[in-house]
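Trainee: Have a look at this one before I ask anything.
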Amino acid sequence: MSWVTQTLASSLGRKVIMSLTGLFLCTFLIVHVAGNLQLFKADGGRAFNEYSFFMTHNPVIMTVSYLLYTSIVVHAIMALLLTRHNQASRPVKYAYARPEANSPWSSRNMGILGTVLLIFIVIHMRTFWYTMHFGPIPMAEYDGKEYKDLYKIVLEAFSNWWYVLFYVIAMAALSYHLVHGFKSGFQTLGLRHKKYTPLIEFLGVWVFSILIPALFAAMPVYFFLKHVGVIG
Amino acid sequence: MKINLKVWRQKNGNAAGKLVDYKLDNISPDMSFLEMFDVLNDELMHKGDEPVAFDHDCREGICGMCSMYINGRAHGPQTGATTCQLHMRSFADGDTVIVEPWRARAFPVIKDLMVDRSAFDRVVQSGGFVSVNTGSARDANETPIPRTIADEAMDAAQCIGCGACVAACKNASAMLFVAAKVSHLAVLPQGQAESSIRAERMVAQMDAEGFGACSFTGACSVECPKSISLDHIARLNREYLGAKITSEAV
């Protein structure tokens, strides 16, 4: 299958890998934010805990989750390889350059934004994913059935002001990453047409760069404000 | 007007270079940027110094030879223009102007502001042509082509191969150049027969020359003297990926 490896090793092929993994991660964000909205339900965390149980026991979800972990790793490694290749393409830098005159900041700093997000993902998974899978975690009982009380872990984590601040900063990075990343993913695949490119650009800005990061950031902020007693 | 220049001087490809200060008085705002360099070189020669080497030919924005990175931008502060089309009225009296050569691994410096852009020639030689004689102007008129497609091809064919796209790109990527060359042939019937193999070969050559990958920052299109659209890069991606899946080259 030499033509496959040849394609994937080319500069365009590598970008396709970035695009496909990136767009897959975007679809994950929709599911993740929609599911986590149950945190806002005033039922002491029952809906959220039942949802967490479902997400960690459904075989389809579990299979997709491995695809998700793989995508994150591949996206990060490929980004590193591309960044090295791109930097090597200009061994002598300009003494004076004004890139802000011709391109948006986010498009030139995807690597930095991505690094912030990778650090965030590691810390985020340590706090919630690791505790959910390997404990120690308190239990809750609904209708005679035992559930891991992930809701309590959420409350605890978001009572730290610095942890909340870190989440808000990470979501700002996500916003800038996706304002460039979402539409670029389609450009890499050659999907650019006056019929649907305006829709892609609209979704990239309003859904992936504004709505989703804002909803995610609202969760730690909401629980922190609840913790300090600003909201009931 | 008075202009303070900081110009990159480099004896040859192996020597180390540096920015050298020059002061010019009596520059007319109506001079082109290259004419200002002619004045500088005249002064240098009268003093017995080595003149600044820079590429130029037609001086009317169609040959693609002039290639200066002026005050942090390819071809200077004007958009849709080459260095020869830039006039000194775009600067203020007493301005400091920094002039550097294009910076890219694939464009090594020959001397001062001159770089070797033969990497572009080799990319075109790898597939940027139609292999058979497609006839003369009369034959072209017998192949009906819708106006929108002819315009699309012409927009891409405006590329003069100056390399501003590479110079402006943070990755020194040649995607806009290669896209323009692939695009203007791919949309026309004469070029369609070879469009798959062309995209495959030109991208392979582009990679072999050491250009970077596309980050879709859009800098290339902004700095392109012919304002070639990013639509062509999307078409190149489409042509290349389609070719990889369907072409006979296994």
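A short reminder: the numbers here are calculations on the coordinates, not readings from a lab. These numbers were taken from a predicted model, which means no experiment stands behind them. Virtual Cβ from ideal backbone geometry, glycine too; neighbours counted across all protein chains shown.
Trainee: Within 10 Å, at most 16 other Cβ atoms, and a DSSP state outside H, G, I, E, B define an exposed site. Report the longest part of chain A free of exposed trypsin sites (Lys or Arg not before Pro).
Mentor: Numbers: sites that count: A:Lys41, A:Lys93, A:Lys194, A:Lys195.
Free of exposed loop sites, the longest segment is A:94-193.
Trainee: With an 8 Å Cα cut-off and a minimum separation of 6 or more residues, compute the relative contact order for chain A in percent. Please report the intermediate quantities before stating the final value.
Mentor: Numbers: 180 pairs, mean separation 61.5, N = 232.
After rounding, I find 26 percent.
Trainee: Turning to a different aspect of this structure: Given q = 0.12, 0.13 Å⁻¹, what are the Debye log10 I(q)/I(0) values for the stretch A:1-130, with equal point scatterers placed on the Cα positions and solvent ignored?
Mentor: -0.66, -0.75
Trainee: Return the Rg/Rh ratio of the stretch B:117-246 with Cα-based radii and a Kirkwood Rh.
Mentor: Working: Rg = 14.3 Å, Rh = 14.8 Å.
Rg/Rh: 0.96.
Trainee: Can you list the aspartates and glutamates whose alpha carbon is less than 20 Å from that of A:Lys148, not counting same-chain residues fewer than 8 positions off?
Mentor: A:Asp43, A:Glu50, A:Glu156
Trainee: Would you mind checking the tilt of helix A:110-124 against the longest principal axis of the Cα atoms of chain A, expressed as 0 to 90 degrees and rounded to 10?
Mentor: Approximately 20 degrees, to the nearest ten.
Trainee: What do you get for Rg/Rh over chain A if you use C-alpha atoms and the Kirkwood form of Rh?
Mentor: Working: Rg = 20.2 Å, Rh = 19.9 Å.
Computed over Cα atoms, the ratio is 1.02.
Trainee: If I model the protein assembly as shown as equal point scatterers sitting on the Cα atoms and use the Debye formula, what is log10 I(q)/I(0) at q = 0.07, 0.09 Å⁻¹?
Mentor: The Cα Debye sum returns log10 ratios of -0.49, -0.74.
Trainee: For the stretch B:7-153, what's the relative contact order in percent, using C-alpha pairs closer than 8 Å and at least 6 residues apart? Before the final figure, lay out the partial values.
Mentor: Working: 182 pairs, mean separation 34.8, N = 147.
Result for the stretch B:7-153 is 24 percent.
Trainee: Quick one: of B:Lys2/B:Lys111; A:Lys183/B:Lys6; B:Lys181/B:Lys244; B:Lys47/B:Lys111, which pairs are farther than 29 Å apart, Cα to Cα? If you can, show how the numbers build up before the last one.
Mentor: On the way: B:Lys2/B:Lys111 26 Å; A:Lys183/B:Lys6 39 Å; B:Lys181/B:Lys244 18 Å; B:Lys47/B:Lys111 20 Å.
Going by Cα-Cα distance, A:Lys183/B:Lys6 fall outside the 29 Å limit.
Trainee: Translational diffusion coefficient, Stokes-Einstein: compute it for chain B using the Kirkwood radius over C-alpha pairs as Rh, at 37 °C and 0.692 mPa s, and state it as an integer in µm² s⁻¹. Don't skip to the end; give the middle numbers.
Mentor: Details: Rh = 19.4 Å.
Calculated translational D: 169 µm²/s.
Trainee: A follow-up question, please. Please tell me the relative contact order of chain B in percent, rounded to the nearest whole number, where contacts are Cα pairs under 8 Å and at least six residues apart.
Mentor: Values: 446 pairs, mean separation 48.9, N = 250.
It comes to 20 percent, rounded to a whole number.
Trainee: Going Cα to Cα from A:Lys145, which lysines come in below 27 Å? Please leave out same-chain ones fewer than 8 positions away.
Mentor: A:Lys41
Trainee: Gaussian network model of chain B, Cα springs within a sub-10 Å range: biggest mean-square fluctuation belongs to which of B:Ser118, B:Ser126, B:Ser136?
Mentor: Maximum fluctuation in the GNM of chain B, among the listed residues, is at B:Ser136.
Trainee: Now for a different question. Counting C-alpha atoms alone, how compact is the stretch B:97-191: give Rg to one decimal and Dmax as a whole number, in angstrom.
Mentor: Gyration radius and largest Cα-Cα distance of the stretch B:97-191: 16.4, 52 Å.
Trainee: How far apart, in nanometres, would the label points at A:Lys93 and A:Phe40 be if each is projected 7 angstrom from Cα along the Cα-to-Cβ direction?
Mentor: Result: 4.3 nm between the two label points.
Trainee: Taking the Kirkwood radius as the inverse of the mean 1/r across Cα pairs, report the Rg/Rh of the stretch B:3-111. Walk me through the numbers before you get to the answer.
Mentor: Values: Rg = 13.4 Å, Rh = 14.3 Å.
Ratio value, two decimals: 0.93.
Trainee: What angle, in degrees between 0 and 90 and rounded to the nearest 10, separates the Cα long axis of helix A:161-188 from the longest principal axis of the Cα atoms of chain A?
Mentor: Once rounded, the angle reads 40 degrees.
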